[in-house]
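The values are calculated or read from the model by the stated rules, or taken from the named source; none is laboratory data. Just so it is clear, the structure is predicted and the values come from calculations on it, not from any experiment. Positions of Cβ are generated from backbone atoms using ideal geometry, with glycine treated the same way; all protein chains shown enter the neighbour counts.
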Amino acid sequence: MQTHCDQCFTAYHLPEKNTRPVGCPYCGFVNDGKAKANGHGPDQSKTMLNFLAGEMKGEVSEVKRLINGKLPSLSPGHEILVEILEGDKKGQKFAVRKPKISVGRKGSDIELSDAEVSRRHCVVAVFADTVILRDLGSSNGTMVNEFLVKEVVLKNRDRIQVGGTVISISLRNIAEVH
Ligand SMILES: [Zn+2]
């Protein structure tokens, strides 16, 4: 059975009869009914950062309401523009035509070799005209416009900071740029 990670939206195969919980191959999150109901996965309460994130429940439920069990999808004719504003890759700019971008160390869509960046740091997912960012339980957290966030709706040109790197992500209509 094909399933999608509730946390980072990665698609993966789930055996029909699984006796042990099978986690997401990217972030390790295990989908279960409880996680869907309250928006918190296993181990999320064990670190101080995630405890603080739990205080921002209003935001979590807003995102849940907006995406409402949908899978990421880019509207036809749209792409995501990624710009690296600060850090080792400063000045890099590229367009991505898929609805989900992972940020982390090796193996992520945006690979950052920064000791303060977790292997799987955060994910940006597009749901038509809604763009959300979700921290994947990173050690040092994800900041958007100087605020520590767990899950947030992004606006074009928001400044996303992971470790020493600042990234801006914008959704744009291809017809308007080419
Ligand atoms: Zn995942």
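Out of the residues in the range 126-178 that are under 20 Å from Lys89 (Cβ atoms) and β-branched (Val, Ile, Thr), which is surrounded by the fewest Cβ atoms within 10 Å (Cβ to Cβ)?
Going through the qualifying residues, I end up with Val166.
Looking only at the range 133-167, count every residue that is among the aromatic types (Phe, Trp, Tyr) and more than 19 Å from Val63 (Cβ to Cβ) and tell me the total.
0
Pick from the range 12-29 the residues that are more than 10 Å from the ligand (Cβ to nearest atom) and not polar (S, T, N, Q): which of them is nearest to Ala125 (Cα to Cα)?
Ranking the qualifying residues of the range 12-29, first place goes to His13.
So, Ile160, is that one under 16 Å from Ser102 (Cβ atoms) and among the aliphatic types (A, V, I, L, M) or not?
Against the criterion (under 16 Å from Ser102 (Cβ atoms) and among the aliphatic types (A, V, I, L, M)), Ile160 qualifies.
How many of the residues making up the range 93-130 are polar (S, T, N, Q) and at pLDDT 95 or above?
Number satisfying all stated conditions: 2.
Output the number of the condition that Glu146 fails; it satisfies all remaining conditions of (1) of a type outside the set (S, T, N, Q); (2) more than 20 Å from Gln7 (Cβ to Cβ); (3) touching a Gly at 6+ places or on another chain (Cβ under 7 Å).
Single failed check for Glu146: (3).
It is to be established whether one or more residues within the range 33-46 are at pLDDT 85 or above and either in contact with a helix residue (DSSP H, G or I) (Cβ under 9 Å, 6 or more places away or on another chain) or within 16 Å of the ligand (Cβ to nearest atom) (or both).
no
Given the criteria assigned to a strand (DSSP E or B), over 18 Å from Cys8 (Cβ atoms), modelled with pLDDT under 95 and polar (S, T, N, Q), does Ser170 qualify?
For Ser170, the condition - assigned to a strand (DSSP E or B), over 18 Å from Cys8 (Cβ atoms), modelled with pLDDT under 95 and polar (S, T, N, Q) - is met.
Any residue that is in contact with an Asp or Glu (Cβ under 6 Å, 6 or more places away or on another chain) and touching a residue at least 24 places away in the same chain (Cβ under 8 Å) - is there at least one of those in the range 101-116?
So far as the range 101-116 goes, yes, one or more of its residues are in contact with an Asp or Glu (Cβ under 6 Å, 6 or more places away or on another chain) and touching a residue at least 24 places away in the same chain (Cβ under 8 Å).
Which of the residues belonging to the range 87-115 are farther than 27 Å from Thr3 by Cβ, surrounded by 15 or more Cβ atoms within 10 Å (Cβ to Cβ) and among the charged types (D, E, K, R)?
Correct list: Lys89, Asp114.
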